[in-house]
1. I'd like the full set of residues that are more than 18 Å from residue 26 (Cβ to Cβ), free of Cβ contacts under 8 Å to residues at least 60 places away in the same chain and of a type outside the set (Phe, Trp, Tyr), limited to the stretch 62-76.
2. Please note which helices (runs of 4 or more DSSP H) are completely contained in the stretch 1-105 and include at least 1 residues that are modelled with pLDDT of 85 or more, assigned by TED's automatic domain parsing to the domain that holds residue 165 and in contact with a Pro (Cβ under 9 Å, 6 or more places away or on another chain).
3. When the stretch 49-61 is examined, which residues are found to be in contact (Cβ under 8 Å) with a residue 12 or more places away in the chain and closer than 21 Å to residue 86 by Cβ?
Amino acid sequence: MNILLDLFLTFAKIGLFTFGGGYAMISMIENNCVERKKWISHDEMMNVTVIAESTPGPIAINCATFTGYKQAGFVGSLAATIGMVLPSFLILYLISMFLDNFLELTLVANAFKGIKIAVGILILDAAFTMSRKMQKKLQPRVTMICACIVMLLINIFSWDFSSISLMLIAAVVSLTIFLVKGAPQQKGGSGK
């Protein structure tokens, strides 16, 4: 029962104090779940981030669900997911009940301008952390750099190109390279 409460409270804290969506939460999830509590490894965090990005639903909730499931099965995934969702739901519910023109308030509008900057920094932090811990191989790094350049060009020139299409293209390129080169050899293999 302690692990369920710990999962709920950890993800509730992340959900309560992180603004900007899933990408902004990745660095907090990694800090709490990988470095401090050691619920998942860094490689698992990288994998779940990639998988969560390509599956339906918000990336942070998918990460919470995976971590909860790994620690305590279905009930753990439920506790972690509810912990992640509940704070945002309650805050938005309270705001919608009591404040009609919430975003029109000068104080709130200025606060959100500052939050946008903080969210950008959190996303950059998560990207730098993940890229530093990425395998030191040429192909993943070249794929990442090319995808970043293409996304910047899409944003700068306001091209009508879906980020999902870009992810699918990167997946096809990576899969093609994998199939051409063959599966990488595992360290400490079967002794053949």
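The values are calculated or read from the model by the stated rules, or taken from the named source; none is laboratory data. It should be emphasised that the depicted structure is a prediction, and the values quoted were computed from it without experimental measurement. Glycine gets a Cβ as well: all are built from the backbone with ideal geometry, and neighbour counts include every protein chain shown.
1. The one that is more than 18 Å from residue 26 (Cβ to Cβ), free of Cβ contacts under 8 Å to residues at least 60 places away in the same chain and of a type outside the set (Phe, Trp, Tyr): 73.
2. Result: empty, no element qualifies.
3. Answer for the stretch 49-61, where residues must be in contact (Cβ under 8 Å) with a residue 12 or more places away in the chain and closer than 21 Å to residue 86 by Cβ: 52, 58, 59, 60, 61.
Each row is one residue, and each column tells you yes or no for (1) within 19 Å of residue 123 (Cα to Cα); (2) of a type outside the set (Phe, Trp, Tyr); (3) crowded, with 20+ Cβ neighbours inside 10 Å.
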{"position": "10", "(1), (2), (3)": "no, yes, yes"}
{"position": "14", "(1), (2), (3)": "yes, yes, yes"}
{"position": "17", "(1), (2), (3)": "yes, no, no"}
{"position": "35", "(1), (2), (3)": "yes, yes, no"}
{"position": "47", "(1), (2), (3)": "yes, yes, no"}
{"position": "85", "(1), (2), (3)": "no, yes, no"}
{"position": "90", "(1), (2), (3)": "no, yes, no"}
